Amino acid sequence: MTSASSTTHQPVQQRAPGTPVLPDTPFRFIGYFVAQFRWWYAAMLAAETLNATCGIMIPYALSRVIKGVTSAQEQSLALIDALHVPLMIFFAFSIGEVLFGRLAGGIQIRLGPRQRQNVTRHVYHYLQHHSHRYLSNNFAGALAHRISETSMGVTQTLWSLITEFWPIFIVFSVSIALLYGAHPSLAAFVFIWAVLFIGISYALARRAQPYAFKASSARSETTGQVVDSVTNLASARLFARLGHERALLDETLKRELKAVRTSNGYSERVRWFQFSAAAVLKIGTLYYALQLWGSGEIGVAEFVMAVSLSLLIINEARNLSRRFLEFFEFIGNVANGVHTIVRSHELIDQPGASPATIRDGRIEFRQVDFGYGGERRVFDSLSLTIPAGQRVGLVGFSGSGKSTFVSTLLRLYDLDGGQILIDGVDIRTMTQDALHSQLGLIPQDPTLFHRSLRENIRYGRLEASDAEVEDAARKAHAHDFILQLREGYAGMVGERGVKLSGGQRQRIAIARVILKDAPILILDEATSSLDSITERAIQETLDEVMKGKTVLVVAHRLSTIAHLDRILVFDDGRIVEDGSHAELLALRGAYWRLWSKQSDGFLPESIDGEPKAPLEAVPAGSATPAASAGAPKPVETGEEAERKPRIDPDVSFA
Ligand SMILES: Nc1ncnc2c1ncn2[C@@H]1O[C@H](COP(=O)(O)OP(=O)(O)OP(=O)(O)O)[C@@H](O)[C@H]1O
Ligand SMILES: [Mg+2]
C-alpha cells in the first residue's frame, strides 16, 4: 500500500500558498467543512430534533386521549368533542413527525452531494501540490481511492451523528422527562437501562472493531489480488499459469472467509445482547408499570404511555452497536485520508516567489549537492554553466545521474546544498508555475491523459488552434499515424496512453512540447522508442525546434547527440568529460570508448544484449581486465571482430 504510513499523524508544517488550509486531524477536518455550510447543518439538526420530539410525544398525546376516554361516563359523540384538544395534539405530532422528517431528508439529499464534491475539490487541490517524491511513493489509484473515501467519510460521519445518534439522544431524554412526569421511578428505571445499554453497546462496538477491520482488510486484499491478476491476465495466459492464479485466489479467499466469519460471529453475539436488552426493557417496563397501576400510583393513561415509550425507544436504539461500528469506520476513513493527504507540502513556492519568465535560458549549477534521501549522494558539489542557446548532450552509464540532473533543474526535488540558477535567478525563488511553463520536457516514457489525441497535444498550449495542433503533430511526425486511426485526432488514447505504441506516445509528447515552445528544452531519451528511420526524420524537426533555445538532450544513442554544441559525460554523479564531439574523441577517454562501440551509426541496441552487457558490467573506475572477463561475452560477428581492436579494455571509464 502507501509507503508513507497512513496511521501516524504528522502535524502539517508547511503548505503551498493558495491551497486550502485543511486541518490535519479528522474531527477538526470535518468541522472545517461543516463550517462552510453551517446554516444548512443547523437547519437539519433543528428538523431532526423536532422530528424526533414529535415522534416521542405521540405516546404522550395518546395518553391524553386515553385519559379522556377512561374518565368519560359512557360512549357518546359528545365525548369526541371533549377529546378535541388531546386529538389535535395527537394529529399535530403525527403531522409534525412527517413534515420535519421529510424536511431533514430534503436538506440531506441536497446538502450531501454538495458537501461530498466540496470535500473532493478541496482535498484534490491540496493533493495537487504534493511533491514528485510523494507521488512516486504513493500509488495513484490508492490516492484517488483515499479522496473518494474521505469525501464519503465526511458526509457519512455527519449523517451518523445528525440522523442517528442525535435522535437517539432526543428520544431518550424526552422519554425520561415524560416518564418522570408519570412516575419518577419509571424514569429512573429507563434511565439506568439507557445508560447501561449505551455503555455496553459502545464497549461491544469497540471490541468488534478489530474483527471488522480484519474482515474489511481481507476483503480489500482479495480485491487487490483480483485487480493484479486481471491486470496481468495476459502474462498469466502466456505463461500457462491460469490455474496457478486461481489457486492463489483460492488461498486469499480462504483467508477472507476466516476473517469474515470471525467478524460475523462477533456481530451475532452483539445481536444477542441487543435483543435481550430490548426484551428486558419491554418486559421490565410492562411489569413495573403494571405494579404501579395496581397500587394506584399511576393511571391507565400513564401505563399505556410508559409501554409505548419503551417500544419507541427500542425501535430507535435498535442496532446501536452496529451504528457505533459504522461510525468508527466512517471516522476511520476520514482519518486515513487526512493522515495520507493532509501532510506538509514538501516543495513549495517561497513567499514572494517571482512569477517572472525566463528570457534567455542560461543555466548554472553552483556547487550542487543532492541525494534522494538514502546514504548515497548523487551529486557532490556539482558546478556547471550552460550558456543561453547552447545545445548540450548528456551521456553516461545508466544510473550516472543524467535524469537526476534534469529532475533537479525541473525542481522536482530541492537540493541538499548549492543553487541552480536560470538567467542568474535561483530557481527556488521562482514560482514553480513560472519555472515549469518555461521548460519543455520530453520524458523517456511519456504518459498521456485518457483524452483525445487533440487534447493531449493541445496540453502544450491550451489556446492553440486546431491548425496549430496539427502543424505540431506534423512536425513530430505524428500527423500521418493519427489520420490512420479510426477517429483521427478525436481518438482516445486509453489509460496512460496504452492504446498507442511507445514510439507513437513519444511523438505525441514531442508535438505537445513543440506547441509549448518554451525557451529551455529538455529531452530525456526522447526518441529512444523510435525506430532509426523515424528517429532520424524527427531529429531534423527537433534540430529545427531547438533553434534559439537552450537544449539538454539525454541520450544513450550517441548518434543523436554527436552534432550538438557540447557533450557532458556523466559518471557516478560527476561530469568527467566536457567538450564537443570532436574534442572528446580526441581525448580518447570515456566518450571515445562509448563512441567506438556505437560508431558508424551502428546502433548497439540492434545487437541482442551486446552493448548493455559490457557497458554495464564495467563498474565506473574499476574496469580491470579481470572484471571485464567476468562480463557476458558478446557474440562475435565478423564486424565485431573487426572493430574490436578499437576498444581498449584497460581504459577505465572514470
Ligand atoms: N526516485 C529515486 N529515488 C531514489 N534513488 C533514485 C531515484 N531516481 C534515481 N535514483 C538513483 O540515483 C542515481 C542516478 O539515477 P538517474 O536516474 O539520474 O540515472 P540516469 O543517468 O538517468 O540513468 P539511465 O541512463 O538509466 O536513465 C541512481 O543510483 C539511481 O538509483
Ligand atoms: Mg535516466
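Cα-based radius of gyration for the chain, normalised by 2.2 N^0.38 Å, reads 1.41. Between Leu253 and Val69, the contour length at 0.36 nm per residue exceeds the Cα-Cα span by 59.9 nm.
Compute the whole-percent fraction of alpha carbon pairs in the stretch 144-194 spaced more than 13 Å apart.
65 percent
When each of the peptides 64-71, 459-466, 332-339 is scored by the mean number of other C-beta atoms lying within 10 Å of its residues, the order from highest to lowest reads 332-339, 64-71, 459-466. Counting only aspartates and glutamates at least 8 places from Lys282 when in the same chain, those with an alpha carbon closer than 16 Å to its own are Glu302, Glu316.
Between Arg133 and Gln36, what is 0.36 nm times their sequence separation minus the Cα-Cα distance? Round to one decimal in nm.
Gain on stretching Arg133 to Gln36: 31.7 nm.
I need the fraction of alpha carbon pairs in the stretch 363-582 separated by more than 32 Å, rounded to a whole percent. Looking at the stretch 363-582, the distances longer than 32 Å represent 19 percent of pairs. Return, ordered by residue number, the residues of the stretch 287-320 whose backbone nitrogen is under 20 Å from a label point located 7 Å along Cα→Cβ of Leu79. 299-305, by backbone N distance to the label point. Counting other Cβ atoms within 10 Å as a rough exposure proxy, the listed residues Val368, Val280, Val554 run Val280, Val368, Val554 from fewest neighbours to most.
Give the residues of the stretch 496-528 whose amide nitrogen is closer than 12 Å to a point set 7 Å from the Cα of Thr357 in the direction of its Cβ. The answer is 517-520. Where only DSSP H runs of four or more residues are counted, the chain gives -19500 deg cm²/dmol as its mean residue ellipticity at 222 nm, each run worth -39500 (n - 2.57). A simple count of charges around Val226, restricted to other residues whose Cβ falls under 15 Å of its Cβ and scoring Lys, Arg +1 and Asp, Glu -1, yields -2.
Among the listed pairs Lys258/Lys499; Lys402/Lys549; Lys402/Lys499; Lys475/Lys499, those whose Cα-Cα separation exceeds 31 Å are Lys258/Lys499. Modelled label positions at Arg461 and Asp369, each set 7 Å beyond Cα in the direction of Cβ, lie 4.3 nm from each other. Of all DSSP beta bridges located in the chain, what percent are antiparallel, nearest 5? The antiparallel proportion sits near 50 percent. Each residue, Arg486 and Thr19, gets one label point 7 Å from its Cα in the Cβ direction; the gap between the two is 4.1 nm. In this structure, Asp380 and Val230 have a Cβ-Cβ separation that, at R0 = 51 Å, corresponds to a calculated FRET efficiency of about 0.65.
Take every pair of alpha-carbon atoms less than 8 Å apart whose residues are at least six positions apart; their mean separation over the length of the stretch 26-341 yields a relative contact order of 29 percent.
Quick note: the coordinates plus some simple rules give every number you see, no bench work behind them. As the structure is a computational prediction, the values presented were derived from the model and not from experiment. Virtual Cβ from ideal backbone geometry, glycine too; neighbours counted across all protein chains shown.
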